[in-house]
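Enquirer: Quick one: the structure is below, and I'll ask about it shortly.
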Amino acid sequence: MIELKNLHKRLGGRDILKGLSVKVPKGMNFVLMGPSGTGKSVTLKHVIGIFKPDLGSVHVDGQDVPAMDRKQLMALRKRMGYLFQNGALINWLSVADNVALPLKEHSQLSRSEVDDRVHEVLKLVGMDHAGKQEPPEISGGMKLRAGLARALVTNPEYVLYDEPNAGLDPIISEQIHELIGEVRDRLSVTGLIVTHSRACATQCGDRIGILEAGKLAVEGSVDEITASDHPLARAFMGQGSD
Amino acid sequence: MNLAAGTIRFLAERTGSAGYVVNLLVRTALCLPRIPRRLRFLLDNCFNAGVRALPVTLVVAAFAGAILAMQTGIELRRFGNTNVLGTITALSMCREMGPFITAVILAATVGSSIAAEIGTMKVSEEIDALEVMSIDPVDYLVLPRVLALALMCPLLTVLSNLIGIYGGSIIAEQNLGVSPDLYWVGAIESLTSSGTLLPKEVYVGLLKSLIFGVAIATVSCAAGLKARGGALGVGLAVQTAVRNSVLLIIVLGFVITWFFYFLT
């Protein structure tokens, strides 16, 4: 379980998080929504230990993330995948090499075992035909799917999704949402998803939390948030909000 | 009051940046045992550095040697002493001009490209992606680049020295009437007439270029890793990398020369 308690963070002279508390139970996709600049991506970076909170705590399976040394953080990160907004693929490596990177760096697998595993996850995200292509040659949606394959290649227990459909057309977005649902259902992966998109929240999420001024303004199941009278819930989940 | 506060903030930022570069250098040194895993990247970086900088380095070195011979020769001719022109050109190229020219060109070509490449990776979250995959960016990105420049800078310096001395020989013969035999005998004797395997001028010059190579790569990687804010941030990182590299080359060049020729 991911548990954030009373998280405070100040960046660039501005208070970004002001007492955020969130619980993400195992096996569930938790969607974090909110206006731009309310600290959604910053929250994800606290979970994976890139940022340390000014105040408050971050626990993953009971382990205190900010108190971890580099070795412990590396061990934690091996159990987590992270899908960046644009995939964040290494530009000079092919798609297959990008996906293989965590395995080549950390696992004791042979080259053929790595190739098999890479092919398996690329197939899962519908990219098995594009392994030899390089990131500048592929579309935004393909980059995201390749990024998701890289996040999944080590069989993580958790995946953090940062705006998984940003800048994508509705058809590709729909494919990405289905993939995120599949990852939870088929691989039992726990997800923390940051998005602006109602479609993403309703299709991928089990629970939704909406951030306002650095803390959670409203939280509930997809049905509860959809039916909520809270102005932010209506703004994000109402008809035409996508 | 504002001026004082601004000055203190400026100095604090500069001290912080210098501390970051030193810290990066130490972390890179600690990653050295992992170099067998980075051999492919090391060779790629060596090739890139060599190929990118070689043509400009050779042209500039040839002209620098020619200018050196010309300016020195004009004065020597007044005293009827042009027979030592080969000696002076060879020693000046090996001690100072070769390492300096090569390092400045490497800073402008390879250093700027390192800062741009790593800066772009930083602003597009590729560095964060490495971190979340538990891959140390220093080990993965910085180590091969620092080692590549530490190897290529001395290698290019040797070529610079040779081409510079050759450039001087053309001017010596064509404009100053010094016979090629006299010029080359002076040059070769000055670089071989010592009890050690290499004369002090050559090994101090090579040591200088090795240190310059490490400095350029470390400063450029540090500038890239500290980039933020999109294309503008990458541009500033390149500017910082080239400016700080050239500054360091001059200051380190002075310190090394002082240490070897005045302190020891």
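Enquirer: Quick one, could you list the DSSP H helices from chain A stretching 27 Å or more along their long axis (Cα atoms) with average Kyte-Doolittle hydropathy of -0.5 or above?
Expert: Sorted by number, there is nothing, because no helix extends far enough and scores high enough.
Enquirer: Would you tell me the mean number of C-beta atoms belonging to other protein chains that fall within 10 Å of each C-beta in A:96-106, as a whole number?
Expert: That average works out to 2.
Enquirer: Would you pull out the residues with amide H under 5 Å of residue A:16's amide H, same chain only if 5 or more places away, H placed 1.01 Å from N?
Expert: A:9, A:10, A:11
Enquirer: Same structure again: Quick one: of A:52/B:122; A:40/A:71; A:123/A:215; A:143/B:226, which pairs are farther than 28 Å apart, Cα to Cα?
Expert: Result: A:123/A:215 exceed 28 Å.
Enquirer: Would you calculate, for chain A, the mean residue ellipticity at 222 nm contributed by helices, counting each DSSP H stretch of 4 or more residues as -39,500 (n - 2.57) and dividing by all residues, to the nearest 500?
Expert: When only DSSP H runs of four or more count, the value is -11500 deg cm²/dmol.
Enquirer: Just from the alpha-carbon atoms, what are the Rg and Dmax of the stretch A:100-242 in angstroms?
Expert: Rg and Dmax of the stretch A:100-242, Cα atoms, are 17.1, 55 Å.
Enquirer: I'd like to know which of B:129, A:29, A:67 lies farthest towards the positive end of the charge dipole of the protein assembly as shown, counting +1 on Cβ of Lys and Arg and -1 on Cβ of Asp and Glu.
Expert: A:67
Enquirer: What's log10 of I(q)/I(0) for the stretch B:1-95 at q = 0.16, 0.17, 0.21 Å⁻¹, Debye sum over Cα points only, no solvent?
Expert: Listed by q, the Debye log ratios stand at -0.85, -0.87, -1.01.
Enquirer: Oh, and also: Binned at 5 Å from 0, what are the whole-percent values of the Cα-Cα distance distribution for the stretch B:38-263, short to long?
Expert: Reading upward from the zero bin: 1, 8, 14, 16, 16, 13, 10, 8, 5, 4, 3, 1, 1, 0.
Enquirer: Please sort through the DSSP H helices of chain B and keep those with an alpha-carbon extent of at least 20 Å along the long axis and a Kyte-Doolittle average not below 0.5.
Expert: Those that pass (Cα extent of 20 Å or more, hydropathy at least 0.5) are B:2-30, B:39-78, B:143-174, B:200-225, B:230-258.
Enquirer: To check my understanding: the extent here is largest minus smallest coordinate of the Cα atoms along each principal axis. What are those three numbers for the stretch B:84-192, in Å, largest first?
Expert: Taking max minus min along each principal axis of the Cα atoms, the stretch B:84-192 gives 66, 25, 14 Å.
Enquirer: Debye sum, Cα scatterers, chain A, no solvent: what log₁₀ I/I(0) at q = 0.12, 0.16, 0.17 1/Å?
Expert: Once normalised to I(0) and log-transformed, intensities are -0.67, -1.16, -1.29.
Enquirer: Same structure again: Quantify how strongly other chains surround peptide B:114-121 by giving the mean number of their Cβ atoms within 10 Å of each of its Cβ atoms.
Expert: If you average over the peptide's residues, the count of other-chain Cβ atoms is 1.
Enquirer: Let me ask you something else. Taking loop as defined by DSSP and a crowding limit of 10 other beta carbons within 10 Å, which chymotrypsin sites (Phe, Trp or Tyr not before Pro) in the stretch B:29-100 fit?
Expert: Those satisfying the criteria are B:79.
Enquirer: How big is Rg to Rh over the stretch B:92-151, alpha-carbon atoms, Rh as the Kirkwood inverse-mean-distance radius?
Expert: Computed over Cα atoms, the ratio is 1.15.
Enquirer: A further question on this structure: Go through B:58, B:146, B:84 and say which Cα lies farthest out towards the positive end of the charge dipole of the stretch B:38-263; charges sit on Cβ, +1 for Lys and Arg, -1 for Asp and Glu.
Expert: Comparing the listed Cα positions along the dipole, B:84 ranks first.
Enquirer: Another question, then. Quick check on the protein assembly as shown: of the DSSP beta bridges with both residues there, what percent are antiparallel, nearest 5%?
Expert: 55
Enquirer: Across every pair of different alpha-carbon atoms, what Kirkwood hydrodynamic radius in Å does the stretch A:84-140 reach?
Expert: 11.7
Enquirer: Under unit Cβ charges (Lys, Arg +1; Asp, Glu -1), what dipole magnitude, rounded to 20 debye, does the protein assembly as shown have relative to its Cα centre?
Expert: 1200
Enquirer: For chain A, which longest stretch is free of loop sites, where a loop site is one of the trypsin sites (Lys or Arg not before Pro) that DSSP puts outside H, G, I, E and B and that has at most 16 other Cβ atoms within 10 Å?
Expert: The reported range is A:133-242.
Enquirer: Using only the alpha carbons of the stretch B:1-57, determine the length spanned along each of the three principal axes and report them from longest to shortest in whole angstroms.
Expert: The Cα atoms of the stretch B:1-57 stretch 54, 34, 12 Å along their principal axes.
FYI, it's all coordinate maths here, none of it is from the lab. Not measured: the values here are computed from a predicted model. Neighbour counts run over all protein chains shown; Cβ positions are idealised from the backbone, glycine included.
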